[in-house]
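Each remark here refers to the structure printed beneath this line.
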Amino acid sequence: MWIIYTIGFILAMGLAIGLTPLVKKFAIKVGAVDVPNARKVHTRIMPRLGGLGIYLSFIIVFFIVLPFIPVNFTDREVNFVKAFLVGGSMTLLLGALDDRFDLNAKLKFLYQIATACVVVFGFDIQLEFANIPFHTYASVESWIAIPFTILWIVGVTNAINLIDGLDGLAAGVSAIAIGTIAVMAFLMGNVVVALLSLLLLGSIIGFLFFNFHPAKIFMGDSGALFLGFCLALLSLLGFKQVAIVSFLTPLILIGVPLSDTLFAIVRRWRQKKPIFSPDKGHLHHCLRELGFSHRQTVLIIYGIAAFFGVLAIIQSSAAMYNANWVTFVVICVMVFFLQIGAEVIGLIGKTKRPVLDFIARLRVKAGAERGSK
């Protein structure tokens, strides 16, 4: 299996490197281009549709290596792979059409719900068990599992799209999250998830050769939505021992896009703006305003994503042994750094810094007490 994993990863990366320039030419020919505006960082027309290169590299290599896998898949694993391929293809099609025609947001949302319903009802894929921290394992009733699974798929699919604002950002963050899932799959002995994750990882890295700053092509909605869908399924449903994975783990896996989305909602609510209205207050915008260069901003966010990845691995490993104290520590560390980071960067607002102000008051008070002595 290690030989197959390695060959598959290298093939996917090599194929993405070879296909992406062809996809770039195709995007320009059909008019799938991104035009600069006030909210965007780039200043010239750029071809998008790069997600097609990621998708083709992944799907071609998957069918190449599939006959050589010396393991018989269970019925559940076969269903999962079918759901992954069908749902991923449907999502890729939606993104590709949007890259070319700029589809209506409501139409895209309804299509995504339909795709999630195909996965849930067509292939019987849904959350089966949950291990809520400090609680015993429990089966999830269908009336909860079905809407939750649909909401998760649609939500994560769009979360990746929200951070796609700088060259290589969304692709790199997705690669880190998928690489984390691959590590977790290896620890759990899950052949299917490990294989899918490594092939995706190779395809993304190959694409990043052309997408990292200065980018020659954007992955567009075709890439952001496709990778978001892949993350949604792999992070929540891809594990054979799904009851072992804590309910918290998939949330940590997508920590960067999830936290950026939540802070955006809070920020717009405080500013009395529509929740879905675009702005320039996202994480990458704030880092750029602090004076970091394009590459520095992307690398900083990569570091944050890697930090979340390490927390996810620690959490999933602890969940396997019911080490709830580790869960508590992970939650505390994650919440603390999220809040401090948001206040330093200004994700909620430039003046809203309750924790930093509290720490400053404590330091002033401690200094005054030392002075009085």
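The values are calculated or read from the model by the stated rules, or taken from the named source; none is laboratory data. From a predicted model like this one, the values you see are computed outputs, not experimental measurements. In this analysis, Cβ positions are derived from the backbone assuming ideal geometry, glycine residues included, and neighbour counts consider all displayed protein chains. Each accessible area value is taken on the protein alone, full model and side chains, heavy atoms only, with ligands, DNA and RNA left out. Shrake-Rupley method; radii C 1.70, N 1.55, O 1.52, S 1.80 Å.
Brief remarks on what is shown
- Residue in segment 77-96 that is modelled with pLDDT of 90 or more and open to solvent by 70 Å² or more (accessible area, probe 1.4 Å) present: yes
- The one condition from (1) modelled with pLDDT under 75; (2) assigned to a helix (DSSP H, G or I); (3) under 16 Å from Ile345 (Cβ atoms) that Gly281 does not meet is (2).
- Filtered residue count, segment 120-159, keeping only those that are open to solvent by less than 40 Å² (accessible area, probe 1.4 Å), at pLDDT below 85 and not small (Gly, Ala, Ser): 5
- Residue pairs meeting the criteria (Cβ under 7 Å; at least 6 apart or on separate chains; first under 17 Å from Leu166 (Cβ atoms) and aliphatic (A, V, I, L, M), in segment 254-281; second part of a loop (DSSP other than H, G, I, E, B) and at pLDDT 75 or above): Val256/Ile163
- Lone unmet requirement of (1) out of contact with any strand residue (DSSP E or B) (no Cβ under 9 Å at 6 or more places or on another chain); (2) of a type in the set (Gly, Ala, Ser); (3) at pLDDT 80 or above for Ala215: (1)
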